[in-house]
Structure formats: C-alpha cells, structure tokens
Amino acid sequence: MAQEPTSDLFAGAGLGLQYVGKDHCYAFSGAFEAKESVQTMIQFTSGTNYVVATLTMTAPVQMGAGVAGGMVRGYQLDFNSQTVGLYKVDSQEEDMPTAIEAQILIPPFTAVVLTCRDDSAANDYLGTANITGRVYGAD
C-alpha cells in the first residue's frame with residue numbers, strides 16, 4: 001500500500017528543529033565549509049516533549065576538485081550551556097571514522113547547540129550534521 005502524502009514539507013537546512021507530525025523531528029545543518037574558528041551548525045530549544053534521536057556528524061570532504069583530500073573536524077554538543085558530547089571525525093588520514101552516529105536524548109525545554117571546528121580552513125571542504133528523532137510524550 002502506498003503511503004499518503006503529508007502536509008509536513010521539508011523545511012530545508014537551518015539551525016532549528018523541525019517537526020513531522022507529532023511523533024518525529026529533524027534538524028539538518030546543511031553543508032559547512034572548513035574553518036579554524038567555531039561554527040554553530042544546529043541551535044534550538046526543544047519543546048514540551050522529550051526526543052530520542054540520532055545525531056550524525058561528518059568530516060569535511062573536498063567537493064571542488066575531487067574527493068581525494070580531507071580534514072579533521074571536532075564537534076561539541078551542549079545542552080543548556082553544558083557540554084554533553086565531544087566528537088572527532090577525520091577524512092584526511094582516514095584512520096578513524098569519517099562519520100559518527102551518536103544516540104542522544106533531548107529533554108523538554110533544553111537549549112541545544114552543536115558547534116564544529118576544523119584543523120584548517122578551506123572553503124571547498126564541506127561537512128554536515130543532522131538530527132533525526134522520535135518525539136515522546138506528545139498528545
């Protein structure tokens with residue numbers, strides 16, 4: 001049986017958390033260039049319910065002249081200004097993961113901020129982050 005179309009349209013990449021119906025949510029950062037300074041990729045305050053989610057983070061990949069090059073990227077996940085996760089990915093030496101999936105639980109009314117920082121700057125190296133989750137406690 002084919003699934004019926006939904007009125008919950010893809011809102012695109014951005015800082016915030018988007019809800020699909022009352023049971024699911026997502027946040028997609030979009031592609032971020034490699035920079036040596038801290039960049040905020042995802043930022044929102046959760047609603048009245050809690051979310052069980054997967055946070056996926058990728059290392060920057062050179063998209064301009066091919067995919068031979070790479071970089072190291074560090075991620076920091078904060079809940080209410082408290083660091084709850086630190087992650088590191090590598091597409092340069094490829095001796096550690098190029099992408100990480102972390103299982104997270106986001107409590108109600110929590111300020112969520114995901115930032116990244118790279119080992120060098122190069123605007124043709126792009127990396128992404130996203131959150132996909134299930135909302136619990138919804139009526």
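What is the one condition in (1) in a loop (DSSP other than H, G, I, E, B); (2) touching a Leu at 6+ places or on another chain (Cβ under 7 Å) that residue 75 does not satisfy?
All conditions are met except number (1).
For the subset of region 54-72 comprising residues that are part of a strand (DSSP E or B) and either in contact with a Phe, Trp or Tyr (Cβ under 8 Å, 6 or more places away or on another chain) or closer than 15 Å to residue 29 by Cα (or both), which member is modelled with the lowest pLDDT?
70
Those residues that are among the basic types (Lys, Arg) and at pLDDT below 90, I need them from region 9-53; list them, please.
Our first condition is that a residue be among the basic types (Lys, Arg); within region 9-53, this holds for 22, 35.
Once the filter is applied, which keeps residues that are among the basic types (Lys, Arg) and at pLDDT below 90, region 9-53 yields only 22.
Mind checking which residues of region 23-37 are part of a loop (DSSP other than H, G, I, E, B) and under 17 Å from residue 130 (Cα atoms)? Please lay out each step first, then the result.
First, pick out the residues of region 23-37 that are part of a loop (DSSP other than H, G, I, E, B): 23, 29-31, 35-37.
Correct list: 29, 30, 31.
Yes or no: residue 135 surrounded by 13 or more Cβ atoms within 10 Å (Cβ to Cβ), among the β-branched types (Val, Ile, Thr) and over 21 Å from residue 81 (Cα atoms)? So that I can check it myself, show each step before the final result.
Working: surrounded by 13 or more Cβ atoms within 10 Å (Cβ to Cβ): yes; among the β-branched types (Val, Ile, Thr): yes; over 21 Å from residue 81 (Cα atoms): yes.
When the stated conditions are applied, residue 135 passes them.
Cβ-Cβ below 6 Å, separation at least six or inter-chain, first residue in region 90-119 and over 19 Å from residue 42 (Cα atoms) and of a type in the set (Asp, Glu), second buried (at least 17 other Cβ atoms within 10 Å of the Cβ) and at pLDDT below 95: which pairs?
90/59; 90/72; 119/71; 119/72
In region 60-92, what residues are farther than 22 Å from residue 125 by Cα and of a type in the set (Phe, Trp, Tyr)? Walk me through how you get there before you give the answer.
Pass one, region 60-92, residues farther than 22 Å from residue 125 by Cα: 78-85.
Hit for region 60-92 is 79, nothing else.
I'd like the full set of residues that are of a type in the set (S, T, N, Q) and within 16 Å of residue 28 (Cβ to Cβ), limited to region 41-53. Steps first, please.
To start, the set of residues in region 41-53 that are of a type in the set (S, T, N, Q) comprises 43, 45-46, 48-49.
Correct list: 43 only.
The conditions are (1) surrounded by fewer than 19 Cβ atoms within 10 Å (Cβ to Cβ); (2) in contact with a Pro (Cβ under 6 Å, 6 or more places away or on another chain), and residue 63 fails exactly one of them. Which is it?
(2)
Would you please name the residue that is farthest from the chain's Cα centre (by Cα), looking only at residues in region 88-139 that are on the phi < 0 side of the Ramachandran plot and of a type in the set (Phe, Trp, Tyr)? Outline the logic, then answer.
Just the residues of region 88-139 that are on the phi < 0 side of the Ramachandran plot, to begin with: 88-93, 95-108, 110-136, 138-139.
Okay, now just the ones that are also of a type in the set (Phe, Trp, Tyr), so 125, 136.
Working: 125: 17, 136: 20 Å.
Top of the filtered list is 136.
Can you tell me which residue within region 42-53, out of those that are part of a strand (DSSP E or B) and either over 15 Å from the mean Cα position of the chain (by Cα) or not β-branched (Val, Ile, Thr) (or both), is nearest to residue 108 (Cα to Cα)?
At the first step, the residues of region 42-53 found to be part of a strand (DSSP E or B) are 42-45, 50-53.
Filter again for either over 15 Å from the mean Cα position of the chain (by Cα) or not β-branched (Val, Ile, Thr) (or both), leaving 43-44, 50, 53.
On the way: 43: 15, 44: 12, 50: 5, 53: 13 Å.
The selected residue is 50.
Do you know which residues across region 120-131 are crowded, with 16+ Cβ neighbours inside 10 Å and either at pLDDT 95 or above or assigned to a loop (DSSP other than H, G, I, E, B) (or both)?
128, 129, 130, 131
Could you figure out which of (1) closer than 21 Å to residue 17 by Cα; (2) modelled with pLDDT under 90; (3) among the β-branched types (Val, Ile, Thr) isn't true of residue 110?
(2)
The values are calculated or read from the model by the stated rules, or taken from the named source; none is laboratory data. Given the structure is predicted, the values throughout are model-derived calculations rather than measurements. Glycine gets a Cβ as well: all are built from the backbone with ideal geometry, and neighbour counts include every protein chain shown.
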